[in-house]
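Take a look at the structure set out below.
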Amino acid sequence: MRGSGVTHIDTFGGCDVREGLRVGKQVVPDDYGNFDSRYLSKNDGGELLSPVRFSGFRKNTGSIAVSTHSDGNNFGDGQTQFGYNKGSQSRPEFHHYLRGRGVTAIDTLGGCDISAELRVGRQVVPRDYGNFDSRYLRLTQIGDATGNVPSMAYFLASLGYNGWQQFPSQDGAGNLIIQWGAFGEFKSGESVQVQFTRPFPRYCVFAVPVAVVPYSTNTTTVEPVYLAEKTNTHATFRKGGTETLNGIYIALGY
């Protein structure tokens, strides 16, 4: 049959072709529903039940491209590509690009193994910090134990001319405390008892007194001072010499 017209087959029984049908141009059905399950509709989609190989896979140039430019709003537009060869045919360098404003979820039971460097443009926020091993500190695990990030709440202090500073300790004996203060009327041959601003919970290691000799006194005598007694609540100092002076002290304990 030749010519420029149209050949109509308008029989109720259709048309059976017993041998191969060769079509020189596109086949345009009036009803795509007559395609069986071996074919996919580009508009309706479907399921692929067997592996799919894309054109060029034998030459290391094949790729899958999923475009998000179909909604017409320019929101999150991009193109997700799998197997894009950024190198050459002889030395392929495959890249996989995931683009858009959505979320990429990896929900496999075996997890995800990354054999090379992982570069993250923003913050990493794990759901479970327990998967970090002992080489890392939990920034949210604040405390006074080994491996914890210390809180300033453990560095209690009362600063002033008579004050103290506490430092956390790891040996289980308590916190290290440094105390200091001032006292007056330090007379020769007499003792002065000072009450610690904060009693040491367990033990006073030492307390050191110092006599304050004003430059204007111009004394020519030796004014020795020394520790006579100490407890976890107070210290007793004694003084020699001839002058009545003020004194200061520093004490350490826990």
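The values are calculated or read from the model by the stated rules, or taken from the named source; none is laboratory data. Treat the numbers as computed from the prediction; the structure is a model and nothing was measured. Every residue, glycine as well, gets a Cβ built from its backbone with ideal geometry; the counts of neighbours run over all protein chains shown.
Selection of segment 195-230 for residues being under 53 Å from the mean Cα position of the chain (by Cα) and among the acidic types (Asp, Glu) yields only Glu229. Reported count of residues in segment 1-40, each being surrounded by 10 or more Cβ atoms within 10 Å (Cβ to Cβ) and either of a type in the set (Lys, Arg) or modelled with pLDDT under 70 (or both), is 2.
Would you please name the residue that is modelled with the lowest pLDDT, looking only at residues in segment 46-57 that are within 19 Å of His96 (Cβ to Cβ) and surrounded by fewer than 10 Cβ atoms within 10 Å (Cβ to Cβ)? If we take residues in segment 46-57 being within 19 Å of His96 (Cβ to Cβ) and surrounded by fewer than 10 Cβ atoms within 10 Å (Cβ to Cβ), then Ser55 is modelled with the lowest pLDDT.
Of the residues in segment 191-216, how many are hydroxyl-bearing (Ser, Thr, Tyr), outside any strand (DSSP E or B) and farther than 15 Å from Gln165 by Cα? So the answer is 3. Taking segment 146-179 as the range and being aromatic (Phe, Trp, Tyr) and either surrounded by fewer than 17 Cβ atoms within 10 Å (Cβ to Cβ) or more than 17 Å from Tyr254 (Cα to Cα) (or both) as the test, the residues that pass are Tyr154, Phe155, Tyr161, Phe167. Each residue in segment 225-254 was checked for being assigned to a strand (DSSP E or B), aromatic (Phe, Trp, Tyr) and buried (at least 18 other Cβ atoms within 10 Å of the Cβ), and 2 pass.
Please find, within segment 106-165, the residue that is nearest to the chain's Cα centre (by Cα) out of those that are aromatic (Phe, Trp, Tyr) and at pLDDT 75 or above.
Filtering segment 106-165 down to residues aromatic (Phe, Trp, Tyr) leaves 129, 132, 136, 154-155, 161, 164.
From what's left, at pLDDT 75 or above: 154-155, 161, 164.
On the way: Tyr154: 23, Phe155: 25, Tyr161: 42, Trp164: 35 Å.
By that ranking, first place goes to Tyr154.
If you check Ala182, Ala211 for being among the small types (Gly, Ala, Ser) and surrounded by 14 or more Cβ atoms within 10 Å (Cβ to Cβ), only one passes: Ala211.
If you check Asn43, Asn85, Asn60, Asn74, which single one turns out to be under 30 Å from Arg99 (Cα atoms) and modelled with pLDDT of 75 or more?
Values: Asn43 fails: modelled with pLDDT of 75 or more; Asn60 fails: modelled with pLDDT of 75 or more; Asn74 fails: modelled with pLDDT of 75 or more.
Result: Asn85 is the single residue among Asn43, Asn85, Asn60, Asn74 that is under 30 Å from Arg99 (Cα atoms) and modelled with pLDDT of 75 or more.
Residues to consider are Val212, Val222; find the one that is of a type in the set (A, V, I, L, M) and out of contact with any strand residue (DSSP E or B) (no Cβ under 6 Å at 6 or more places or on another chain). When all the criteria are applied, what remains is Val222.
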